[in-house]
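Read through the structure below, which is laid out as structure tokens, and then see the notes.
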Amino acid sequence: MREHKEHTMVLEHRNIYRKEANRLMKNRRLKKYCRQLSKVPEWDRISDRTMDGSVQNELADDTEVIRAVTNYVLAPSLNAYVLWVLSEALQSGKKRLYFLARDGYFMYLYAKKYAEQYHLPIACRYLYCSRYALRVPMYHLDMDQALSYITLGGLDVTPDKIMKRAALTEEEAVQVLHELQLPYKREEQIPGKKLRRVKKALAECGLFLNYVQEHSRAAMEELQSYIRQEGLLDDVPMAVVDSGWVGSMQKQLKECIRETGGQNKNKCSIEGYYWGLYGLPKGVEREKYHTYYFSPEGGMKQKVYFSNCLFEGIFSAPHGMTVGYKTERGRVKPKLAYIDRERKEFFELTQQFLCGYQDCFIKNMGGDFQKLLEACHPQKSREAVYGLMRLFMGKPTKKEAMVYGNLYFSDDVLEYAGKRMAEPMSERELRSNHLLARIWRERKKEPLPVKQSAWYEGSVSCCSAHTTYHRMAYAGYKYLLYYRQRNRWRRSNEY
């Protein structure tokens, strides 16, 4: 009888909030988000409350768009992921979680707040690092792997970027490129299939190898000092938390911990929790890599209607990337790259809305942490998150695409001048990314580089009236891409 009464009260409250939301939210886009949020009973009313009755018919201002997207899409998704991480960590007995800069910044803020609010037996720490800051010190230990990292494919790989990945100075880069005589200008894009030849040429260039080893050894000492300082050698059950994609930083941290601890140090069983993984580095233990949204083995539809570039562009820290380490007054500090004021203000605004959502969530869910975990149980939350991500990332409105498409993005290990998240593209350039166009280009012996966008779906919304046509054709390409990727991974792991 009591349970029935409580259930009736919950339904009444939900109806009140929904009526109020429908009155305020004549915006069609937000209604679609609400339909996805309603799959998890507690989520829709939390998002409505965070908007505080301020939703307009049209989200004209950029701040209004950011606030609405954050409260209806980003915050519920991030919240579900962080609570999953904490649940998994508690069940497996982890005592310490390292959130990796910079994708892990907002995750760290959420986790730290929950750990403090509910007195969880988990220490949450923020680790300043980057692929570049970890790779450069390790280059001299395995030059073949180093060359693979240096010539790794990307949206726009140029000879100049390759030199910077190797940590060469401008003077050294000029000397090496003069000796190599590559058939590309310094800022010219190198076709993906030609990167193997570039790697071979670098492997045969003694001048280049000497410079790489020299810079690598110099950077190793500071990195090892930082690892000791942050307690990564402690005999404590720990794990790293990050956005994911390949999980290479976990492997690099493990190798560096082993190198720092010496040959007899065997405290390298560090695990990782990730939003999603498309694949894994060679030679790692699969059971040490845990995923929430998609994994190398599955999650095909989640991958197709998801943009990892956009995810990184939004969930980042209001500070520059870590490019190395320095010792000041007996303490190792990160060297941070410059971040422009506009980007910093965007991250600070996003942080304000994200933290406001979490405060509202805690206030409405009460003092029982188990209740929070039940409200964001993976089986209930993943489908809602998929619906939200499919709408926002896979089918953005023009206003959303314009606001988030203007974000700066670089897919390289170092940040350069960068490009817009949603690059302006002509109809011809959009079609060149379609499934059939991609297949035709693959069959050509000398394929020309294809202009790509970090967030293709955003470019479509900004630049074309034929949105459905382009999105469907590009989704077909992504399905083929991830189907091949999954099968290659399965074959390599003898599935």
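The values are calculated or read from the model by the stated rules, or taken from the named source; none is laboratory data. In this text, all values refer to a predicted model and were calculated from it rather than measured experimentally. We place every Cβ from the backbone using ideal geometry, glycine too, and count neighbours over all the protein chains shown.
Values computed for the structure shown
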{"read-out": "Selection count where residues are acidic (D, E) and modelled with pLDDT of 90 or more, scope the range 256-284", "value": "1"}
{"read-out": "Enumeration of residues in the range 84-107 that are surrounded by fewer than 22 Cβ atoms within 10 Å (Cβ to Cβ), closer than 14 Å to W275 by Cβ and not charged (D, E, K, R)", "value": "Y105"}
{"read-out": "Those strands (runs of 3 or more DSSP E) lying entirely in the range 188-297 with at least 2 residues among the aromatic types (F, W, Y)", "value": "271-277, 289-294"}
{"read-out": "Residue ID - surrounded by the fewest Cβ atoms within 10 Å (Cβ to Cβ), chosen from residues in the range 318-367 that are polar (S, T, N, Q) and assigned to a strand (DSSP E or B)", "value": "T327"}
{"read-out": "Qualifying residue in the range 144-151 (condition: assigned to a loop (DSSP other than H, G, I, E, B), within 23 Å of the chain's Cα centre (by Cα) and either surrounded by 18 or more Cβ atoms within 10 Å (Cβ to Cβ) or in the same structural domain as Y114 (by TED's automatic domain parsing) (or both))", "value": "yes"}
{"read-out": "Selection count, the range 377-395, where residues are in contact with a helix residue (DSSP H, G or I) (Cβ under 7 Å, 6 or more places away or on another chain) and modelled with pLDDT under 85", "value": "1"}
{"read-out": "Residues being in contact (Cβ under 8 Å) with a residue 24 or more places away in the chain and in a helix (DSSP H, G or I) - total across the range 167-187", "value": "5"}
{"read-out": "Any chance K301 is within 30 Å of S92 (Cβ to Cβ), among the charged types (D, E, K, R) and in a loop (DSSP other than H, G, I, E, B)", "value": "no"}
{"read-out": "F294 vs. criteria surrounded by 15 or more Cβ atoms within 10 Å (Cβ to Cβ) and without any contact (Cβ under 8 Å) to a residue 24 or more places away in the chain", "value": "yes"}
{"read-out": "Options Y325, Y338; residue that is without any contact (Cβ under 8 Å) to a residue 24 or more places away in the chain, hydroxyl-bearing (S, T, Y) and farther than 30 Å from E42 by Cβ", "value": "Y338"}
{"read-out": "Condition met for K288 (charged (D, E, K, R) and either under 17 Å from the mean Cα position of the chain (by Cα) or under 30 Å from H119 (Cβ atoms) (or both))", "value": "yes"}
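One line per residue, one yes/no per condition, for (1) surrounded by 15 or more Cβ atoms within 10 Å (Cβ to Cβ); (2) within 20 Å of E255 (Cβ to Cβ); (3) in contact with a Cys (Cβ under 9 Å, 6 or more places away or on another chain); (4) of a type in the set (S, T, Y):
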| position | (1), (2), (3), (4) |
| --- | --- |
| L127 | yes, yes, no, no |
| A133 | yes, yes, no, no |
| K164 | yes, no, no, no |
| E172 | yes, no, no, no |
| H178 | no, no, no, no |
| E187 | no, no, no, no |
| I190 | yes, no, no, no |
